[in-house]
Amino acid sequence: MPRLFKAIGRLYWRDLTVALRRSTDILTPLVFFVIVVSLFPLGLGPEPNTLRTIAPGVIWVGALLATMLSLNRLFANDYVDGTLEQMALAPYPLALLVLTKIAAHWTLTGLPLVLISPLLAVQMQLPEAAFRTLTLSLLLGTPILSLLGAVGAALTLGLRGGGVLVSLLVLPLYTPVLIFGAGSVAGVLVGIDTGAHFSLLGAFLALALTFLPWATAAALRVSLD
Amino acid sequence: MLETVDLECVRGDRPLFSHLSFTLKPGELLHVTGVNGSGKTTLLRTLCGLTRPQTGEIRWNGTAIRKLGDDYHAQLAYVGHTNGIQGDLTPAENLKVATNLSGVADGAEIPATLKRLGLSAYHRFPAKILSQGQKRRLALARLMVERKPLWILDEPLSGLDVDSVSLMTTILMEHLAQGGLIIITSHQDIDIQTKTVLQIRIN
């Protein structure tokens, strides 16, 4: 057991170190997120009521697309240089190693999106009362996006044009998360109780954490064959 | 002890080889030869468990490797065509990750191993600046620090200079002398003076 934790800890450290040494990889999705959300006030004009109404959807769709953009680096580098093969041959469950990689991926893409979202909320004229809901919903939602995206990334590994294919595979699966994530923020605006939204997001996350690492591991084994 | 019974492998729709049976005991080396495309890499990947054989069975100490799963992986070190090196980490960091993932060694011998393979001068640089041959040596350094009994090596000598080849040969002989098992593909003749070298030619 301690060996397993050591392996997992080392793998997490490794993915963070590698990503930090290629800082453009981390900054690209974040900057993309900021730019996409900033385009809406420019396109629609600065009318506060319009912006406020569309804000939850725009911020959530932005987060979705930014996560998409970062998916290709989840496994592709390790696949090309052969380290993924070594992971598949490690004496530990591949699903746990995959979960570790997804956790590292979320730490460097999902978490920054969550942290910068209040700033974009100000820009989109969201009332302060909605900030907490927005941040919390993204905090619950972005790990689901990373977990779902991992399955798509694993399935399209080594394919030509895999990037586009990932979007086609993964974006439809993102819709429930988007509906309840954006819905919770919109709910605060009109003053309805958002408990149900959060319960559902939490349930999605629990389900995703339980099953998707195994699905990803199975997809990786197919890609490596 | 590694055994295969009636192994048959296909790649896509193309049959590669069938009825392959052999037994490899501790201290023995199996040299797989064959023309390009004859299925050497597929055989090695099948023996690792990365690819499934069409029919037949592979056994480690009498138990099928499909049943052993992770317990078999704990015995096995594989160096394929790719080196398994992350270019943004230093050579020592790469080996540290490899040892932790392999679950066998603690990595205390990493500096000594890097020194022996002539890579200690590069310990502060990312592995991507290494040349092809040096990367290959780093991949082989991984074998040494992981300390697994079964080594499966796909063209380990490609890209190595004369000195590195002879150093590698010495390392292989040491591993055999300690009771290790080696399965290797190589187009070069391997100059190993040991009592048991099995040859398989597939075509």
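The values are calculated or read from the model by the stated rules, or taken from the named source; none is laboratory data. Given the structure is predicted, the values throughout are model-derived calculations rather than measurements. Backbone-built Cβ (ideal geometry, glycine too); neighbour counts: all protein chains shown. Areas reflect the complete protein model, heavy atoms only, side chains present, ligands, DNA and RNA absent. Shrake-Rupley method; radii C 1.70, N 1.55, O 1.52, S 1.80 Å.
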The protein assembly as shown, accessible surface, carbon-and-sulfur percent (1.4 angstrom probe): 62 percent
One can check that the equivalent ellipsoid of chain A, built from the alpha-carbon gyration tensor with semi-axes equal to the square roots of five times its eigenvalues, has lengths in Å, largest first, of 33, 18, 15
In Å², what does the accessible area per residue of the protein assembly as shown work out to with a 1.4 Å probe? 44 Å²
Filter on A:LYS101/B:LYS96; A:LYS6/B:LYS25; B:LYS25/B:LYS96; B:LYS40/B:LYS148 - keep pairs with C-alpha separation over 27 Å: A:LYS6/B:LYS25; B:LYS25/B:LYS96
Within chain A, which complete DSSP H helices have Cα atoms spanning at least 24 Å along the helix axis and a mean Kyte-Doolittle hydropathy of -0.5 or higher? A:2-21, A:23-44, A:48-70, A:131-155, A:162-190, A:195-224
Suppose the chain between A:GLU47 and A:THR135 were pulled fully straight at 0.36 nm per residue; how much longer would it get relative to their current alpha carbon spacing? 29.3 nm
Theoretical ellipticity at 222 nm over the protein assembly as shown - DSSP helices of four or more residues, -39500 (n - 2.57) apiece, nearest 500: -20000 deg cm²/dmol
On a 0 to 90 degree scale, rounded to 10, what angle separates helix B:132-146 from the longest Cα axis of chain B? 80 degrees
Find which of A:MET87, A:SER167, A:VAL18 sits farthest along the positive direction of the dipole of the range A:2-224, computed with +1 on the beta-carbon of Lys and Arg, -1 on that of Asp and Glu, about the Cα centre. A:MET87
Per residue of B:79-88, what is the mean number of Cβ atoms on other protein chains within 10 angstrom of that residue's Cβ? 6
Whole-Å distance linking the alpha carbon centroid of the range B:51-99 with that of the range A:88-164 is 29 Å
Among B:LEU114, B:GLY103, B:HIS73, which residue has its Cα positioned farthest towards the positive end of the charge dipole of the range B:68-144, with +1 placed on the Cβ of Lys and Arg, -1 on the Cβ of Asp and Glu, and the dipole taken about the Cα centre? B:LEU114
Relative to a virtual label point 7 Å from the Cα of B:ALA112 in the Cα→beta-carbon direction, which members of the range B:124-139 show backbone nitrogen distances below 11 Å? none
On a 0 to 90° scale, report how tilted helix B:91-102 is relative to the longest principal axis of chain B, with both axes built from alpha carbons and the result rounded to the nearest 10. 40 degrees
Nearest 10 degrees, 0 to 90: helix B:162-177 Cα axis against chain B principal axis: 60 degrees
Quick one: pull the percentage of alpha-carbon pairs in the protein assembly as shown with a separation above 40 Å. 29 percent
Please give the peptides B:50-60, A:16-26, A:88-98 ranked by average Cβ packing (other Cβ atoms within 10 Å per residue), highest first, as a rough proxy for protection. A:88-98, B:50-60, A:16-26
Between chains B and A, total accessible area buried, probe 1.4 Å, no ligands or nucleic acids, nearest 100 Å², roughly 2600 Å²
With all distinct Cα pairs included, what does the Kirkwood hydrodynamic radius of chain B come out to in Å, to one decimal, could you say? 17.5 Å
Quick one: length gained pulling B:LEU198 to B:GLU57 fully straight, 0.36 nm per residue minus the C-alpha distance? 48.8 nm
Looking only at the range B:137-155, which residues have a backbone nitrogen under 20 Å from a spot 7 Å from the Cα of B:SER120 in the C-beta direction? B:137-147
What is the distance in Å between the Cα centres of the range A:184-211 and the range A:12-36? 27 Å
Counting only DSSP beta bridges with both residues in the protein assembly as shown, tell me the antiparallel percent, nearest 5. 45 percent
